[in-house]
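Asks: Mind having a look at this structure? Questions to follow.
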2 protein chains.
Amino acid sequence: MSTRSEIIRIGDELIRDKGYNAFSFYDIAKALGIKNASIHYHFPTKVALGIAVLDEQMAALEALIEKGVQKEPLDKLKDFFSIYIKIEAEGKICIVGSLASDLHTLDVLLAAKLKEFANRTLEWVTDIVKEGHEKGVFRLSSTPRDKALMIITNMLASLQLTRLTGGQDFNTIKDTIIKELKA
Amino acid sequence: MSTRSEIIRIGDELIRDKGYNAFSFYDIAKALGIKNASIHYHFPTKVALGIAVLDEQMAALEALIEKGVQKEPLDKLKDFFSIYIKIEAEGKICIVGSLASDLHTLDVLLAAKLKEFANRTLEWVTDIVKEGHEKGVFRLSSTPRDKALMIITNMLASLQLTRLTGGQDFNTIKDTIIKELKA
DNA sequence: GTCTATATTCCGATAGAC
DNA sequence: GTCTATCGGAATATAGAC
(Lines give C-alpha, C1' and ligand atoms only; values in the text may rest on other atoms or scores of the structure.)
Protein backbone atom coordinates (compact mmCIF):
# COMPACT_ATOMS: atom_id res chain seq x y z
CA MET A 1 0.00 0.00 0.00
CA SER A 2 1.46 3.37 -1.02
CA THR A 3 1.59 6.21 1.46
CA ARG A 4 -0.73 8.18 -0.76
CA SER A 5 -3.45 5.54 -0.69
CA GLU A 6 -2.96 5.06 3.05
CA ILE A 7 -3.55 8.78 3.55
CA ILE A 8 -6.74 8.55 1.52
CA ARG A 9 -7.93 5.54 3.50
CA ILE A 10 -7.29 7.18 6.88
CA GLY A 11 -8.74 10.48 5.68
CA ASP A 12 -11.88 8.66 4.65
CA GLU A 13 -12.14 6.99 8.06
CA LEU A 14 -11.61 10.28 9.88
CA ILE A 15 -14.30 12.07 7.86
CA ARG A 16 -16.77 9.31 8.72
CA ASP A 17 -15.67 9.20 12.36
CA LYS A 18 -15.10 12.82 13.40
CA GLY A 19 -16.32 14.84 10.44
CA TYR A 20 -14.42 16.85 7.83
CA ASN A 21 -13.98 19.98 9.93
CA ALA A 22 -12.82 18.10 13.02
CA PHE A 23 -9.96 16.03 11.64
CA SER A 24 -6.52 17.43 10.99
CA PHE A 25 -3.46 16.46 9.00
CA TYR A 26 -1.85 15.68 12.34
CA ASP A 27 -4.41 12.92 12.95
CA ILE A 28 -3.29 11.25 9.73
CA ALA A 29 0.41 11.86 10.35
CA LYS A 30 0.12 10.31 13.81
CA ALA A 31 -1.67 7.24 12.44
CA LEU A 32 0.99 6.71 9.78
CA GLY A 33 3.97 7.53 11.98
CA ILE A 34 5.11 10.37 9.73
CA LYS A 35 5.14 14.13 10.13
CA ASN A 36 2.49 16.68 9.38
CA ALA A 37 4.39 18.29 6.51
CA SER A 38 4.77 14.97 4.70
CA ILE A 39 1.05 14.81 4.05
CA HIS A 40 1.36 18.05 2.09
CA TYR A 41 3.78 16.37 -0.29
CA HIS A 42 0.98 14.02 -1.39
CA PHE A 43 -1.89 16.46 -1.08
CA PRO A 44 -1.15 20.20 -1.25
CA THR A 45 -4.36 21.15 0.58
CA LYS A 46 -6.99 19.55 2.77
CA VAL A 47 -9.50 20.17 -0.01
CA ALA A 48 -7.33 18.16 -2.43
CA LEU A 49 -7.37 15.26 0.02
CA GLY A 50 -11.12 15.50 0.46
CA ILE A 51 -11.58 15.35 -3.31
CA ALA A 52 -9.28 12.33 -3.55
CA VAL A 53 -11.32 10.58 -0.85
CA LEU A 54 -14.53 11.17 -2.77
CA ASP A 55 -12.92 10.08 -6.06
CA GLU A 56 -11.95 6.83 -4.38
CA GLN A 57 -15.47 6.33 -3.03
CA MET A 58 -16.94 7.07 -6.43
CA ALA A 59 -14.66 4.49 -8.07
CA ALA A 60 -15.67 1.90 -5.46
CA LEU A 61 -19.33 2.68 -6.10
CA GLU A 62 -18.97 2.27 -9.86
CA ALA A 63 -17.14 -1.03 -9.32
CA LEU A 64 -19.94 -2.30 -7.08
CA ILE A 65 -22.56 -1.28 -9.63
CA GLU A 66 -20.63 -2.89 -12.46
CA LYS A 67 -20.10 -6.14 -10.57
CA GLY A 68 -23.82 -6.57 -9.96
CA VAL A 69 -25.18 -5.51 -13.31
CA GLN A 70 -26.40 -9.03 -14.14
CA LYS A 71 -27.93 -9.70 -10.71
CA GLU A 72 -31.57 -9.75 -9.78
CA PRO A 73 -33.02 -6.51 -8.29
CA LEU A 74 -33.18 -7.94 -4.77
CA ASP A 75 -29.53 -8.95 -4.91
CA LYS A 76 -28.58 -5.54 -6.29
CA LEU A 77 -30.38 -4.00 -3.36
CA LYS A 78 -28.42 -6.25 -1.01
CA ASP A 79 -25.24 -5.00 -2.66
CA PHE A 80 -26.38 -1.49 -1.76
CA PHE A 81 -27.07 -2.57 1.81
CA SER A 82 -23.63 -4.16 2.01
CA ILE A 83 -22.08 -0.69 1.94
CA TYR A 84 -23.89 0.28 5.13
CA ILE A 85 -23.42 -3.08 6.83
CA LYS A 86 -19.68 -2.55 6.50
CA ILE A 87 -19.84 1.01 7.83
CA GLU A 88 -22.05 -0.04 10.72
CA ALA A 89 -19.55 -2.74 11.70
CA GLU A 90 -16.86 -0.04 11.87
CA GLY A 91 -19.01 2.12 14.15
CA LYS A 92 -18.82 4.96 11.66
CA ILE A 93 -21.28 6.80 9.43
CA CYS A 94 -21.91 7.31 5.73
CA ILE A 95 -19.58 9.80 4.06
CA VAL A 96 -22.49 11.46 2.29
CA GLY A 97 -24.27 12.08 5.58
CA SER A 98 -21.11 13.30 7.20
CA LEU A 99 -20.18 15.75 4.45
CA ALA A 100 -23.77 16.85 3.83
CA SER A 101 -23.87 18.14 7.40
CA ASP A 102 -20.83 20.28 6.64
CA LEU A 103 -22.01 21.29 3.16
CA HIS A 104 -22.11 25.03 3.74
CA THR A 105 -18.48 25.04 4.94
CA LEU A 106 -17.05 22.99 2.07
CA ASP A 107 -14.96 24.23 -0.82
CA VAL A 108 -17.05 24.48 -3.99
CA LEU A 109 -15.06 21.75 -5.74
CA LEU A 110 -15.54 19.38 -2.83
CA ALA A 111 -19.23 20.22 -2.61
CA ALA A 112 -19.60 19.53 -6.34
CA LYS A 113 -17.96 16.11 -5.98
CA LEU A 114 -20.25 15.33 -3.07
CA LYS A 115 -23.35 16.20 -5.07
CA GLU A 116 -22.09 14.07 -7.94
CA PHE A 117 -21.59 11.12 -5.61
CA ALA A 118 -25.00 11.50 -3.97
CA ASN A 119 -26.76 11.77 -7.31
CA ARG A 120 -24.96 8.73 -8.73
CA THR A 121 -26.05 6.72 -5.67
CA LEU A 122 -29.63 7.91 -6.03
CA GLU A 123 -29.59 7.07 -9.74
CA TRP A 124 -28.36 3.55 -9.02
CA VAL A 125 -30.92 2.75 -6.33
CA THR A 126 -33.68 4.33 -8.42
CA ASP A 127 -32.78 2.01 -11.29
CA ILE A 128 -32.81 -1.01 -8.95
CA VAL A 129 -36.24 -0.11 -7.62
CA LYS A 130 -37.59 0.57 -11.09
CA GLU A 131 -36.27 -2.73 -12.45
CA GLY A 132 -37.74 -4.61 -9.50
CA HIS A 133 -41.09 -2.97 -10.10
CA GLU A 134 -41.06 -3.71 -13.81
CA LYS A 135 -40.17 -7.34 -13.15
CA GLY A 136 -43.04 -7.55 -10.68
CA VAL A 137 -40.92 -8.40 -7.64
CA PHE A 138 -41.13 -5.00 -5.90
CA ARG A 139 -44.36 -3.35 -4.84
CA LEU A 140 -44.38 0.45 -4.98
CA SER A 141 -46.70 3.11 -3.61
CA SER A 142 -44.66 5.97 -5.05
CA THR A 143 -42.25 6.73 -7.87
CA PRO A 144 -39.04 4.69 -8.04
CA ARG A 145 -37.07 7.86 -7.24
CA ASP A 146 -39.07 8.54 -4.09
CA LYS A 147 -38.83 4.95 -2.94
CA ALA A 148 -35.08 5.02 -3.60
CA LEU A 149 -34.74 8.19 -1.57
CA MET A 150 -36.66 6.60 1.28
CA ILE A 151 -34.42 3.53 1.26
CA ILE A 152 -31.24 5.60 1.11
CA THR A 153 -32.37 7.94 3.88
CA ASN A 154 -33.31 4.94 6.03
CA MET A 155 -29.79 3.57 5.69
CA LEU A 156 -27.91 6.85 5.90
CA ALA A 157 -29.66 8.18 8.99
CA SER A 158 -29.89 4.80 10.72
CA LEU A 159 -26.13 4.91 11.07
CA GLN A 160 -26.36 8.36 12.65
CA LEU A 161 -29.36 7.62 14.89
CA THR A 162 -28.39 4.21 16.22
CA ARG A 163 -25.18 5.76 17.53
CA LEU A 164 -27.52 7.74 19.79
CA THR A 165 -30.31 5.30 20.57
CA GLY A 166 -27.89 2.47 21.11
CA GLY A 167 -30.08 -0.40 19.95
CA GLN A 168 -29.44 -2.99 17.29
CA ASP A 169 -32.16 -1.47 15.16
CA PHE A 170 -30.02 -1.21 12.05
CA ASN A 171 -30.51 -4.82 11.01
CA THR A 172 -34.26 -4.93 11.61
CA ILE A 173 -34.71 -1.75 9.57
CA LYS A 174 -32.85 -3.35 6.70
CA ASP A 175 -35.11 -6.41 6.91
CA THR A 176 -38.26 -4.28 7.14
CA ILE A 177 -37.33 -2.37 3.99
CA ILE A 178 -37.12 -5.63 2.06
CA LYS A 179 -40.31 -6.97 3.61
CA GLU A 180 -42.26 -3.84 2.68
CA LEU A 181 -40.83 -3.89 -0.82
CA LYS A 182 -41.58 -7.50 -1.72
CA ALA A 183 -44.59 -7.90 -3.97
CA MET B 1 -35.68 39.13 23.32
CA SER B 2 -32.77 38.91 25.75
CA THR B 3 -29.22 38.73 24.45
CA ARG B 4 -28.89 35.33 26.04
CA SER B 5 -31.84 33.87 24.12
CA GLU B 6 -30.65 35.54 20.92
CA ILE B 7 -27.29 33.83 21.32
CA ILE B 8 -29.05 30.49 21.76
CA ARG B 9 -31.19 31.09 18.69
CA ILE B 10 -28.25 32.02 16.48
CA GLY B 11 -26.14 29.21 17.90
CA ASP B 12 -28.90 26.79 17.02
CA GLU B 13 -29.08 28.12 13.47
CA LEU B 14 -25.32 27.93 13.05
CA ILE B 15 -25.16 24.32 14.24
CA ARG B 16 -27.84 23.35 11.74
CA ASP B 17 -26.24 25.40 8.96
CA LYS B 18 -22.47 24.90 9.32
CA GLY B 19 -22.13 22.27 12.01
CA TYR B 20 -20.97 22.49 15.62
CA ASN B 21 -17.24 22.34 14.85
CA ALA B 22 -17.43 24.91 12.08
CA PHE B 23 -19.13 27.81 13.80
CA SER B 24 -17.34 30.20 16.13
CA PHE B 25 -18.28 32.71 18.80
CA TYR B 26 -17.28 35.36 16.30
CA ASP B 27 -20.09 34.23 13.97
CA ILE B 28 -22.58 34.93 16.75
CA ALA B 29 -20.93 38.17 17.84
CA LYS B 30 -20.99 39.46 14.28
CA ALA B 31 -24.69 38.59 13.86
CA LEU B 32 -25.58 40.38 17.10
CA GLY B 33 -23.29 43.36 16.61
CA ILE B 34 -21.41 42.70 19.83
CA LYS B 35 -17.90 41.49 20.59
CA ASN B 36 -16.54 38.00 20.93
CA ALA B 37 -15.84 38.28 24.63
CA SER B 38 -19.40 39.30 25.41
CA ILE B 39 -20.66 35.87 24.45
CA HIS B 40 -18.51 34.42 27.21
CA TYR B 41 -20.39 36.50 29.78
CA HIS B 42 -23.57 34.55 28.94
CA PHE B 43 -21.95 31.20 28.22
CA PRO B 44 -18.54 30.48 29.77
CA THR B 45 -17.71 27.81 27.17
CA LYS B 46 -18.85 26.67 23.75
CA VAL B 47 -20.00 23.42 25.34
CA ALA B 48 -22.24 25.38 27.73
CA LEU B 49 -23.83 27.10 24.75
CA GLY B 50 -24.32 23.80 22.95
CA ILE B 51 -26.06 22.37 26.00
CA ALA B 52 -28.30 25.43 26.26
CA VAL B 53 -29.26 25.02 22.60
CA LEU B 54 -30.25 21.40 23.17
CA ASP B 55 -32.14 22.28 26.36
CA GLU B 56 -34.14 24.80 24.34
CA GLN B 57 -34.86 22.24 21.62
CA MET B 58 -35.91 19.71 24.24
CA ALA B 59 -38.32 22.18 25.82
CA ALA B 60 -39.82 22.95 22.41
CA LEU B 61 -40.23 19.25 21.74
CA GLU B 62 -41.99 18.64 25.05
CA ALA B 63 -44.27 21.60 24.36
CA LEU B 64 -45.18 20.21 20.93
CA ILE B 65 -45.89 16.79 22.42
CA GLU B 66 -47.99 18.27 25.20
CA LYS B 67 -50.00 20.44 22.81
CA GLY B 68 -51.02 17.47 20.69
CA VAL B 69 -51.71 14.93 23.39
CA GLN B 70 -55.45 14.85 22.62
CA LYS B 71 -55.04 14.70 18.84
CA GLU B 72 -55.55 11.74 16.56
CA PRO B 73 -52.43 9.72 15.62
CA LEU B 74 -52.34 11.09 12.07
CA ASP B 75 -52.43 14.66 13.35
CA LYS B 76 -49.75 13.89 15.90
CA LEU B 77 -47.61 12.57 13.07
CA LYS B 78 -48.25 15.78 11.16
CA ASP B 79 -47.03 17.69 14.21
CA PHE B 80 -43.83 15.68 13.98
CA PHE B 81 -43.54 16.48 10.28
CA SER B 82 -44.08 20.16 11.00
CA ILE B 83 -40.66 20.27 12.68
CA TYR B 84 -38.97 19.23 9.46
CA ILE B 85 -41.16 21.33 7.21
CA LYS B 86 -39.94 24.37 9.12
CA ILE B 87 -36.29 23.33 8.91
CA GLU B 88 -36.60 22.57 5.21
CA ALA B 89 -38.01 26.04 4.59
CA GLU B 90 -34.94 27.51 6.27
CA GLY B 91 -32.62 25.48 4.05
CA LYS B 92 -31.03 23.93 7.11
CA ILE B 93 -30.85 20.44 8.61
CA CYS B 94 -32.01 18.64 11.73
CA ILE B 95 -29.92 19.35 14.82
CA VAL B 96 -29.81 15.66 15.69
CA GLY B 97 -28.40 14.80 12.29
CA SER B 98 -25.91 17.62 12.47
CA LEU B 99 -24.62 16.79 15.95
CA ALA B 100 -24.72 13.03 15.38
CA SER B 101 -22.19 13.50 12.59
CA ASP B 102 -19.88 15.20 15.07
CA LEU B 103 -20.65 12.80 17.93
CA HIS B 104 -17.12 11.53 18.46
CA THR B 105 -15.80 15.07 18.85
CA LEU B 106 -18.41 16.28 21.34
CA ASP B 107 -17.98 16.87 25.04
CA VAL B 108 -19.50 14.01 27.06
CA LEU B 109 -22.16 16.27 28.58
CA LEU B 110 -23.22 17.54 25.17
CA ALA B 111 -23.24 14.00 23.77
CA ALA B 112 -25.42 12.87 26.68
CA LYS B 113 -27.94 15.66 26.02
CA LEU B 114 -28.01 14.74 22.36
CA LYS B 115 -28.75 11.10 23.12
CA GLU B 116 -31.47 12.17 25.52
CA PHE B 117 -33.07 14.33 22.84
CA ALA B 118 -32.86 11.63 20.18
CA ASN B 119 -34.35 9.01 22.49
CA ARG B 120 -37.19 11.30 23.54
CA THR B 121 -38.03 11.92 19.89
CA LEU B 122 -37.93 8.22 19.13
CA GLU B 123 -40.13 7.50 22.12
CA TRP B 124 -42.70 10.06 20.98
CA VAL B 125 -42.93 8.82 17.39
CA THR B 126 -43.00 5.21 18.59
CA ASP B 127 -46.00 6.03 20.78
CA ILE B 128 -47.74 7.74 17.87
CA VAL B 129 -47.22 4.75 15.60
CA LYS B 130 -48.29 2.32 18.31
CA GLU B 131 -51.46 4.30 19.05
CA GLY B 132 -52.31 4.49 15.37
CA HIS B 133 -51.86 0.76 15.04
CA GLU B 134 -53.99 -0.01 18.08
CA LYS B 135 -56.74 2.27 16.81
CA GLY B 136 -56.60 0.51 13.47
CA VAL B 137 -55.67 3.56 11.41
CA PHE B 138 -52.01 2.65 10.77
CA ARG B 139 -50.86 -0.51 9.06
CA LEU B 140 -47.54 -1.92 10.26
CA SER B 141 -45.17 -4.54 8.89
CA SER B 142 -42.73 -4.17 11.77
CA THR B 143 -42.61 -3.11 15.41
CA PRO B 144 -43.75 0.43 16.25
CA ARG B 145 -40.17 1.27 17.23
CA ASP B 146 -38.78 0.14 13.88
CA LYS B 147 -41.46 1.98 11.95
CA ALA B 148 -40.79 5.10 14.03
CA LEU B 149 -37.09 4.83 13.28
CA MET B 150 -37.82 4.52 9.59
CA ILE B 151 -40.04 7.60 9.63
CA ILE B 152 -37.52 9.63 11.60
CA THR B 153 -34.61 8.58 9.40
CA ASN B 154 -36.64 9.43 6.29
CA MET B 155 -37.18 12.95 7.59
CA LEU B 156 -33.74 13.52 9.08
CA ALA B 157 -31.74 12.36 6.08
CA SER B 158 -34.11 13.86 3.52
CA LEU B 159 -33.00 17.26 4.73
CA GLN B 160 -29.36 16.28 4.24
CA LEU B 161 -29.83 14.53 0.89
CA THR B 162 -32.11 17.00 -0.86
CA ARG B 163 -29.47 19.67 -0.28
CA LEU B 164 -27.37 17.53 -2.62
CA THR B 165 -29.88 16.15 -5.10
CA GLY B 166 -31.64 19.45 -5.42
CA GLY B 167 -35.14 18.19 -6.11
CA GLN B 168 -38.36 18.92 -4.29
CA ASP B 169 -38.47 15.35 -3.06
CA PHE B 170 -38.95 16.27 0.58
CA ASN B 171 -42.69 16.83 0.25
CA THR B 172 -43.42 13.70 -1.77
CA ILE B 173 -41.50 11.59 0.75
CA LYS B 174 -43.65 13.00 3.52
CA ASP B 175 -46.80 12.14 1.57
CA THR B 176 -45.54 8.65 0.74
CA ILE B 177 -44.87 7.90 4.41
CA ILE B 178 -48.49 8.70 5.24
CA LYS B 179 -49.81 6.78 2.24
CA GLU B 180 -47.84 3.66 3.19
CA LEU B 181 -48.95 3.97 6.79
CA LYS B 182 -52.68 4.31 6.24
CA ALA B 183 -54.60 1.13 6.90
C1' DG C 1 9.65 11.47 0.31
C1' DT C 2 10.32 12.83 4.73
C1' DC C 3 12.26 15.86 7.84
C1' DT C 4 12.75 20.49 10.91
C1' DA C 5 11.38 24.95 11.39
C1' DT C 6 8.37 28.50 10.84
C1' DA C 7 4.75 31.76 9.04
C1' DT C 8 -0.01 32.82 9.46
C1' DT C 9 -4.51 32.64 10.79
C1' DC C 10 -8.16 31.51 13.74
C1' DC C 11 -10.40 30.06 17.85
C1' DG C 12 -11.71 29.50 22.75
C1' DA C 13 -11.00 31.64 26.85
C1' DT C 14 -9.48 35.09 30.61
C1' DA C 15 -8.32 39.68 32.89
C1' DG C 16 -9.58 43.92 33.95
C1' DA C 17 -11.48 48.70 32.70
C1' DC C 18 -15.82 51.04 32.08
C1' DG D 1 -23.11 43.61 30.24
C1' DT D 2 -19.99 45.00 27.03
C1' DC D 3 -15.60 46.57 25.98
C1' DT D 4 -10.16 46.23 24.79
C1' DA D 5 -6.29 43.53 25.09
C1' DT D 6 -4.05 39.39 25.32
C1' DC D 7 -2.76 34.49 26.12
C1' DG D 8 -2.31 29.76 24.64
C1' DG D 9 -3.25 26.35 21.52
C1' DA D 10 -4.26 24.28 17.24
C1' DA D 11 -4.61 24.07 12.33
C1' DT D 12 -3.29 24.85 7.35
C1' DA D 13 0.37 25.63 4.74
C1' DT D 14 5.29 26.76 3.00
C1' DA D 15 10.56 26.79 2.72
C1' DG D 16 14.42 24.44 2.50
C1' DA D 17 17.71 20.72 4.29
C1' DC D 18 18.56 15.78 3.87
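Asks: When you check residue A:142 against the structure, is it at pLDDT 95 or above, more than 25 Å from residue A:67 (Cβ to Cβ) and polar (S, T, N, Q), yes or no?
Replies: So residue A:142 fits the description; yes.
Asks: Just a yes or no: is a residue in the stretch A:114-122 more than 8 Å from every other protein chain (Cβ to nearest Cβ), assigned to a loop (DSSP other than H, G, I, E, B) and among the basic types (Lys, Arg)?
Replies: No - not one qualifying residue is present in the stretch A:114-122.
Asks: Related question: If you scan the stretch A:73-104, which residues turn out to be at the interface with chain B (Cβ under 10 Å from one of its Cβ atoms) and surrounded by fewer than 18 Cβ atoms within 10 Å (Cβ to Cβ)?
Replies: A:91, A:104
Asks: Another question, then. Being β-branched (Val, Ile, Thr) and more than 18 Å from the chain's Cα centre (by Cα) is the filter here, so list the residues in the stretch A:8-53 that pass it.
Replies: Once the filter is applied, which keeps residues that are β-branched (Val, Ile, Thr) and more than 18 Å from the chain's Cα centre (by Cα), the stretch A:8-53 yields A:28, A:34, A:39, A:45, A:47.
Asks: For the stretch B:158-183, name all the residues that are in contact with a Cys (Cβ under 9 Å, 6 or more places away or on another chain) and facing chain A (nearest Cβ under 8 Å).
Replies: Of everything in the stretch B:158-183, just one residue is in contact with a Cys (Cβ under 9 Å, 6 or more places away or on another chain) and facing chain A (nearest Cβ under 8 Å), namely B:160.
Asks: Here's a follow-up. Kindly provide the set of residues from the stretch A:13-27 that are free of Cβ contacts under 8 Å to residues at least 24 places away in the same chain and within 25 Å of residue A:156 (Cβ to Cβ), ordered by number.
Replies: A:14, A:18, A:22, A:23, A:27
Asks: Look at residue A:132 and say whether it is over 19 Å from the mean Cα position of the chain (by Cα), crowded, with 21+ Cβ neighbours inside 10 Å and either in a helix (DSSP H, G or I) or more than 8 Å from chain B (Cβ to nearest Cβ) (or both).
Replies: yes
Asks: Is it the case that residue B:60 is under 19 Å from the mean Cα position of the chain (by Cα) and within 14 Å of chain A (Cβ to nearest Cβ)?
Replies: No: the conditions fail for residue B:60.
Asks: Separate question: Residue pairs, Cβ under 8 Å, 6 or more apart or interchain, first in the stretch B:29-48 and closer than 12 Å to residue B:11 by Cβ, second near DNA strand C (Cβ under 7 Å from one of its atoms). List them.
Replies: Every condition considered, the pairs that remain are B:29/B:36; B:39/B:25; B:46/B:25.
Asks: Continuing with the same structure: Give me a count of the residues in the stretch B:147-157 that are within 7 Å of chain A (Cβ to nearest Cβ) and of a type in the set (Gly, Ala, Ser).
Replies: 1
Asks: Quick check on this structure: which one of B:17, B:12 is within 14 Å of chain A (Cβ to nearest Cβ), surrounded by 15 or more Cβ atoms within 10 Å (Cβ to Cβ) and under 23 Å from residue B:114 (Cβ atoms)?
Replies: None of the other options fit; the residue is B:17.
Asks: Specify the residue that is nearest to DNA strand C (Cβ to nearest atom); the eligible residues are those in the stretch B:23-69 that are under 22 Å from residue B:124 (Cα atoms) and surrounded by fewer than 15 Cβ atoms within 10 Å (Cβ to Cβ).
Replies: B:55
The values are calculated or read from the model by the stated rules, or taken from the named source; none is laboratory data. None of these values were measured; they are calculated from a predicted model. Glycine gets a Cβ as well: all are built from the backbone with ideal geometry, and neighbour counts include every protein chain shown.
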